[in-house]
1. Considering only segment 150-186, state which residues are modelled with pLDDT of 90 or more and either over 17 Å from F86 (Cα atoms) or small (G, A, S) (or both).
2. Exactly one condition in (1) of a type in the set (D, E); (2) open to solvent by 90 Å² or more (accessible area, probe 1.4 Å); (3) touching a strand residue (DSSP E or B) at 6+ places or on another chain (Cβ under 9 Å) is false for E116; which is it?
3. Of the conditions (1) surrounded by 17 or more Cβ atoms within 10 Å (Cβ to Cβ); (2) closer than 18 Å to V84 by Cα; (3) at pLDDT below 90, H12 fails just one. Which one is it?
4. Kindly state which strands (runs of 3 or more DSSP E) lie completely within segment 47-149 and contain at least 2 residues that are within 19 Å of F8 (Cβ to Cβ) and modelled with pLDDT of 95 or more.
Amino acid sequence: MIDNALLFIKKHIGSELKTRIGVNEGDVVIDSINKEGSSDNLLITLINIEEEKYYKEQNHYIKNDSDVPGFKIVNPEIKLNLYVLFSAQNKTYSEALKQVSHIITIFQGKNIFEKEDFAKYPEIKDLESLIVELYSLTLEQNNNLWQTLGSKLVPSVLYKVKLISMQDNKKLSEAGEVRGIGFDIKHKS
């Protein structure tokens, strides 16, 4: 799922940058930060993964297929937020700034993606929706990030990509068929 989300973002950004400023779609790459800084690409790097607890589903029961009565017990799906860094590793600083500016403009124009957006790319499977939000770091956090990455500071922007849903459909057990819910109320006289 994570790979599909990043692949979609790569394809979307590559297509938009080709249209807007003529960047070759092959120059948009999913990769770790190059410590030498010699790459001439726009890098998409996964920085962090966190669980989205606000939308955590509590339901452990999923209805069986239509021909089998009852429910199966499964662990609820997990929803993830991805922190994705876009860094322009260009040889010219002005070109790098231009690319980062266009990334911000692209996601400002459209930051919610749904099934019809994913359908443009047949290799993208099982994504329901993505919400892309600008994630701002303080100067100290930004400095710490680049020190951790072990690279020199280059023009970049960090985004939070929300609500990647992951579910292993392996059942834990059969719950049987639920036919009704009964209450036993005793009256006191």
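The values are calculated or read from the model by the stated rules, or taken from the named source; none is laboratory data. Note that this is a predicted model, so its numbers are computed, not measured. Using ideal geometry, Cβ is built from the backbone for each residue, glycine included, and neighbour counts are taken over all protein chains shown. The protein model used for the area step is the full one, side chains on, heavy atoms only, and it has no ligands, DNA or RNA in it. Shrake-Rupley method; radii C 1.70, N 1.55, O 1.52, S 1.80 Å.
1. Result: S156, single match.
2. (3)
3. With respect to (1) surrounded by 17 or more Cβ atoms within 10 Å (Cβ to Cβ); (2) closer than 18 Å to V84 by Cα; (3) at pLDDT below 90, H12 is out only on (3).
4. 78-88, 129-134
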